[in-house]
Every structure is written in C-alpha cells, then in structure tokens.
Amino acid sequence: MMQRYCLIMCRSLTYAQRSSQVLERAGITATVLKAPQSVSKTGCTYCVKLYESRLVRALALLDRAAIRRGKVYRLLEDGTYQEVTV
C-alpha cells in the first residue's frame, strides 16, 4: 500500500524549519517545501510534508512545542489537495 502525504502549512520559512526540526528530533521525517499554489493564498507560504500516518503525533508534538501552524492538507491520488479537519 502506498503511503499518503500531508502538508502542514506554516506562516513562514522559519516556522516550517522549526516544525521540521521538532518532528525530526521525534523520529518523524518532515520535509520543508514551498507550498503548492493550489493551497497557498499568497503564493509565498511554506509547509512541512510528512506521511499521513504520522500526522496526529506530529500535530501533538507541534502543539506541545508551541509552534503555531496553519491548515493541514492531504495529497490525493489525482495530485490535488484536500483540507483535513483536525
């Protein structure tokens, strides 16, 4: 079965980097990316990409580290994104 990915939107590159560091220290692979235009209103937003199976734990870790985050999106098989309610 193919793993699905999620994007956690961040308000800046710095927040995305901090988020990635917190998750990596906890053993969750998290890649900092420029957010796709389809989910970025301003076009200059950054996000953290991780496996969907790690999402709940990742959000708890970011909350515990007091790192503010934006919306969360799931990458669908057709290449589009769907907002995830968390």
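The values are calculated or read from the model by the stated rules, or taken from the named source; none is laboratory data. Note that this is a predicted model, so its numbers are computed, not measured. Cβ sites come from the backbone with ideal geometry, for glycine too, and all protein chains shown count toward neighbours. For the accessible areas, the whole protein counts, side chains as well, though only heavy atoms, and no ligand, DNA or RNA atoms are used. Shrake-Rupley method; radii C 1.70, N 1.55, O 1.52, S 1.80 Å.
Taken over segment 7-26, the criterion of being over 17 Å from T85 (Cβ atoms) and either small (G, A, S) or open to solvent by less than 50 Å² (accessible area, probe 1.4 Å) (or both) is satisfied by C10, S12, A16, S19, S20, V22, L23, A26. One residue stands out in segment 58-82 among those that are over 12 Å from the mean Cα position of the chain (by Cα) and of a type in the set (D, E, K, R): the one that is least open to solvent (accessible area, probe 1.4 Å), namely D63. Exactly one residue among T85, T29 is among the hydroxyl-bearing types (S, T, Y), modelled with pLDDT of 95 or more and exposed (fewer than 14 other Cβ atoms within 10 Å of the Cβ), and that residue is T29.
Restricting attention to segment 32-55 and to residues that are open to solvent by 70 Å² or more (accessible area, probe 1.4 Å) and closer than 20 Å to V86 by Cβ, the residue that is modelled with the lowest pLDDT turns out to be K41.
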